[in-house]
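**Q** A single structure is presented below for examination.
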Amino acid sequence: MKFRSREINVFSMSALDLFASALGAFILISIVLMPYFLRVEPEEVSRLRQALAEARAAEAETRRSLERSQAALERCGGREAACRREVEAVRRELEETRQGAAALQSCRAELNACEDRLSKTFLAFVIQWPTSAHDVDLHIVDVAGAEFYYEKKTIPGRPGELSADTTDGPGVEIWEVSEAPAGEYRVLYNLYDRHGNGEPAVVKGGVYHRDGHDRFAERRLTREGRRNAVPVAVVTVKDDGNVEVSER
């Protein structure tokens, strides 16, 4: 307790000393500067007042400038918001354009695929004969020279198939390919066996394709045997899938 009391007294004495020092400094400044203030001329006072008025006017102008700047900033903020909205609208339009371009690209791809499919054609060679007993064979020689007939209804590595084979008339034979390679297909008829019927075998035929059907001229076969196959027509498939038929 005694130590604490002593500390308080020391603090109190320090505060008094500071006050006394400050008072002394004020008195000294007053003694030094008072003659100067007393010697100020009226013209100097007028000049100082003028400078003060000019400073106040400048301050007022500065305040007005600040207000104008604030208003300009607010207007700029409004234009910025409008600009942002416009930018967002342009972005949305750009995205829609991109989506439209993607859809158009997809549509073009589908169109190209369609055009590619349209450039292909199927072929179906069909013959039929109404005469009884006759065994008539259809022979097809494809673009690679492979010959399809009753012994080679299919050929490894080559498209196409003799899918119908009648051995006793009246009858029908069919050779078909779902996607015909471009080139020439030769068609031949063969009276393989009369089976006792001495009358000519009357054969009608034709080819079905992507764009329709072409008939071949009716043929009357009289010579039997494998070596007596009769050339009937050449069917040409173009690169674009079109078909041309020339009789033999």
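The values are calculated or read from the model by the stated rules, or taken from the named source; none is laboratory data. This structure is a prediction, so every number in the text was calculated from the model and none was measured. Note that we place each Cβ from the backbone using ideal geometry, even for glycine, and neighbour counts take in every protein chain shown. Surface accessibility is based on the protein's heavy atoms, side chains included, excluding ligands, DNA and RNA. Shrake-Rupley method; radii C 1.70, N 1.55, O 1.52, S 1.80 Å.
**Q** Which of the peptides 189-200, 86-97 is most tightly packed, and how do the rest follow, judged by the mean count of other Cβ atoms within 10 Å per residue?
**A** Sorting 189-200, 86-97 by mean packing, highest first, produces 189-200, 86-97.
**Q** Further question on the same structure: At 1.4 Å probe size, put 239, 168, 137 in order of accessible surface, largest to smallest.
**A** If we order 239, 168, 137 from most to least accessible, we get 239, 168, 137.
**Q** Give the long-range amide H neighbours of residue 233: residues separated by 5 or more places, or on another chain, with amide H under 5 Å away, using H modelled in the peptide plane at 1.01 Å from N.
**A** For residue 233, whose amide H was placed from the backbone, the distant partners under 5 Å are 187, 248.
**Q** Which residues does a label at residue 167 reach in the range 181-201, if reach means a backbone N under 19 Å from a point 7 Å past the Cα toward the Cβ?
**A** 190-197
**Q** Using the Karplus curve 6.51 cos²θ - 1.76 cosθ + 1.60 with θ = phi - 60°, work out ³J(HN,Hα) for each residue of the range 175-182 in order, rounded to whole Hz, and write x for Gly and Pro.
**A** My calculation for the range 175-182 gives 10, 9, 9, 6, 9, 7, x, 5 Hz in order.
**Q** Additional query: What share of Cα pairs, in percent, lie more than 20 angstrom apart in the range 86-198?
**A** 59 percent
**Q** Could you derive backbone 3J(HN,Hα) for the range 60-73 from the dihedral phi with the Karplus parameters 6.51, -1.76 and 1.60 (θ = phi - 60°), listing whole Hz in sequence and x where the residue is Gly or Pro?
**A** 5, 5, 4, 4, 4, 4, 4, 5, 4, 4, 5, 5, 4, 4
**Q** A further question follows. Could you work out the pair-distance distribution P(r) of the range 153-233 from its alpha-carbon pairs, with 5 angstrom bin width and percents rounded to whole numbers?
**A** For the range 153-233, the pair-distance distribution reads 3, 12, 21, 26, 19, 12, 6, 2, 0.
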